[in-house]
Amino acid sequence: MKQLVKVINRSKNPLPSYETAGSAGMDLRANLEEPITLQPMERKLIPTGLFMEIPMGYEGQIRPRSGMAIKHGLSLINCVGTIDSDYRGEVKIPMINLSNEAFTIEHGERVAQFVLAAHGMVEWQAEETLNDTKRGAGGFGSTGK
């Protein structure tokens with residue numbers, strides 16, 4: 001199902017689009033005046049030139065691109081970032097170079113994926129106990145291999 005998202009594009013790149021009919025995400029491109037080089041373990045914010053109005057009840061998820069991760073060791077500092085529905089600033093990508101070699105990002109390079117995801121809101125109900133389950137409090141490998 002498609003959801004309308006208002007966008008301002010202040011970059012020289014085309015708007016993000018789905019590459020295939022089954023794509024969940026759209027690639028976001030770097031909007032740069034000059035290339036940015038990330039040294040090993042260096043972090044930088046990469047501008048996109050995009051400003052979005054995410055609808056209430058949704059978040060924009062910013063995810064690493066798997067090709068950049070496996071080929072060049074590039075990822076996002078926070079793994080998956082969230083664009084909240086009330087944020088109106090420029091979308092910037094918090095990248096990190098986890099490799100042993102410097103990597104230069106060029107203008108227009110695809111640096112992350114954007115996925116629109118619906119979400120719920122929590123209303124807490126304070127309790128003294130929770131219902132039991134088969135798993136219980138087991139975590140971090142407790143269900144086996």
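What follows is calculated from the coordinates using simple rules that are stated; it is not laboratory data. Predicted model, so just to flag it, every value in this text is computed and none were measured. FYI the Cβ positions are ideal-geometry reconstructions off the backbone, even for glycines, and counts take in every protein chain you see.
Measuring between their Cα centroids, region 1-56 and region 66-114 lie 10 Å from each other. Mean projected area of the Cα convex hull of region 24-118, taken over all directions, amounts to 5.7 nm². Could you pull out which residues in region 16-44 have an amide N less than 13 Å from a spot 7 Å beyond the Cα of His107, following the Cα-Cβ vector? Output list for this probe position: 30-36. Please give me the summed charge of the neighbours of Ile54: other residues whose Cβ is under 13 Å from its Cβ, Lys and Arg +1, Asp and Glu -1. Here the count lands on -2.
Each residue of region 32-45 was assigned a 3J(HN,Hα) from its phi angle through the Karplus curve 6.51 cos²θ - 1.76 cosθ + 1.60 (θ = phi - 60°); the sequence is 10, 6, 8, x, 10, 9, 9, 6, x, 6, 8, 10, 8, 8 Hz, with glycine and proline shown as x. Applying the Karplus relation 6.51 cos²θ - 1.76 cosθ + 1.60 with θ = phi - 60° to region 70-83 yields 3J(HN,Hα) values of 6, 7, 10, x, 8, 8, 9, 4, 9, 6, 10, x, 10, 9 Hz, where x marks Gly and Pro.
For Lys71, the aspartates and glutamates whose Cα comes closer than 19 Å to its Cα, not counting residues fewer than 8 places off in the same chain, are Asp27, Glu42, Glu101, Glu106, Glu109. A cut-off under 15 angstrom between Cβ atoms defines the neighbours of Thr37, and their net charge, with Lys, Arg +1 and Asp, Glu -1, is -4.
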